[in-house]
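S.K.: Before we start, here is the structure in question, set down as structure tokens.
The values are calculated or read from the model by the stated rules, or taken from the named source; none is laboratory data. Predicted, not measured: the structure shown is a model, and the values here were computed from it. Cβ placement follows ideal geometry from the backbone for every residue including glycine, while neighbour counts extend to all protein chains displayed.
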Amino acid sequence: MGRGAGRGSGMKRASKSVARPGRPAAHRSGSAPRPVGCAIITVSDTRRGREDTAGALIERLVTQAGHRVTTRAWVRDEPAALRRAARAALARPAVDVLIVTGGTGLGPRDRTPDALAPLAERAVPGFGERFRALSAEQVGAAAWLSRAGAFVAGGRLVVMLPGSRAAVELALKRLLLPELVHAVRMLGRFNSTEE
């Protein structure tokens, strides 16, 4: 961030993560030079608009953290449609992170990880591993049934979450938002004039 863009300039900086009592502090990589741009895709045959409470929760949590939702889309549980929507979101210059909710279970229509696999350039296995470990605290042994995960595509982070509000809240509050700025910085999404 350049001179004069700090306090009192009217430009809002993305917030730093706050350590929770009894938990280790998130990686301290400083605040973001600009809000992180997040695209949201909800994968569902039935939930759109007002009925998409998980997508709405993602939008609320992202913006409350000082970041920006650049686009929001809804697609049916059809692999080709999901791939098209994901490619379109990732082609937008303002998108740093793509968050996809829905279709990560074991049901016959849960095909998000399979549909998006051709886009993956590098796996980020720690996200899914940690999500399932944290999820086990809430849902017990059923946590291993989730195929939530993350990968890098086109220099951007892609995160695949279940469609439930509880899973979305857990993933965003305990995993994604505390390290979002650090992940985006590691991917080189902040250019030198922004830093």
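S.K.: Of all the residues that make up region 100-110, how many are within 18 Å of the chain's Cα centre (by Cα) and at negative phi?
M.R.: 4
Results for (1) touching a Gly at 6+ places or on another chain (Cβ under 9 Å); (2) surrounded by 14 or more Cβ atoms within 10 Å (Cβ to Cβ); (3) of a type outside the set (A, V, I, L, M, F, W, C); (4) under 24 Å from Ala56 (Cβ atoms), shown as yes or no for each residue.
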{"site": "Gly140", "(1), (2), (3), (4)": "no, no, yes, no"}
{"site": "Gly149", "(1), (2), (3), (4)": "yes, yes, yes, yes"}
{"site": "Val152", "(1), (2), (3), (4)": "no, yes, no, no"}
{"site": "Ala167", "(1), (2), (3), (4)": "no, yes, no, yes"}
{"site": "Pro178", "(1), (2), (3), (4)": "no, yes, yes, yes"}
{"site": "Val181", "(1), (2), (3), (4)": "yes, yes, no, yes"}
{"site": "Arg185", "(1), (2), (3), (4)": "yes, yes, yes, no"}
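S.K.: Out of (1) surrounded by fewer than 22 Cβ atoms within 10 Å (Cβ to Cβ); (2) modelled with pLDDT of 95 or more, what's the single condition that is false for Leu157?
M.R.: The one condition Leu157 does not meet is (1).
S.K.: So, one more: Out of the residues in region 77-99 meeting the condition of being more than 20 Å from Ala167 (Cβ to Cβ) and of a type in the set (D, E, K, R), tell me which one is nearest to the chain's Cα centre (by Cα).
M.R.: It comes out as Asp96.
S.K.: Can I ask one more? Go over the candidates Arg185, Arg147 one by one and state the one that is part of a helix (DSSP H, G or I) and of a type in the set (D, E, K, R).
M.R.: None of the others qualify; the one that does is Arg185.
S.K.: Across region 78-104, which residue is surrounded by the most Cβ atoms within 10 Å (Cβ to Cβ) among those that are in contact with a helix residue (DSSP H, G or I) (Cβ under 7 Å, 6 or more places away or on another chain) and among the hydrophobic types (A, V, I, L, M, F, W, C)?
M.R.: In this case the residue turns out to be Val100.
S.K.: Report, by residue number, each residue of region 104-157 that is over 16 Å from Arg83 (Cβ atoms) and among the hydroxyl-bearing types (Ser, Thr, Tyr).
M.R.: If the condition is that a residue be over 16 Å from Arg83 (Cβ atoms) and among the hydroxyl-bearing types (Ser, Thr, Tyr), then Ser135, Ser146 are the ones that fit.
S.K.: Looking only at region 152-182, filter to residues that are of a type in the set (D, E, K, R) and in a helix (DSSP H, G or I); which one of those is nearest to Val95 (Cα to Cα)?
M.R.: Glu179
S.K.: Take region 115-134 and flag every residue that is of a type in the set (Val, Ile, Thr) and either modelled with pLDDT under 95 or more than 12 Å from Met160 (Cβ to Cβ) (or both).
M.R.: none
S.K.: Additional query: May I ask you to say which residue of Val36, Val69, Val97 is β-branched (Val, Ile, Thr) and either in contact with a Ser or Thr (Cβ under 9 Å, 6 or more places away or on another chain) or at pLDDT below 95 (or both)?
M.R.: That would be Val69, the only listed residue that is β-branched (Val, Ile, Thr) and either in contact with a Ser or Thr (Cβ under 9 Å, 6 or more places away or on another chain) or at pLDDT below 95 (or both).
S.K.: Confirm whether Pro118 is surrounded by fewer than 19 Cβ atoms within 10 Å (Cβ to Cβ), in a helix (DSSP H, G or I) and not aromatic (Phe, Trp, Tyr).
M.R.: yes
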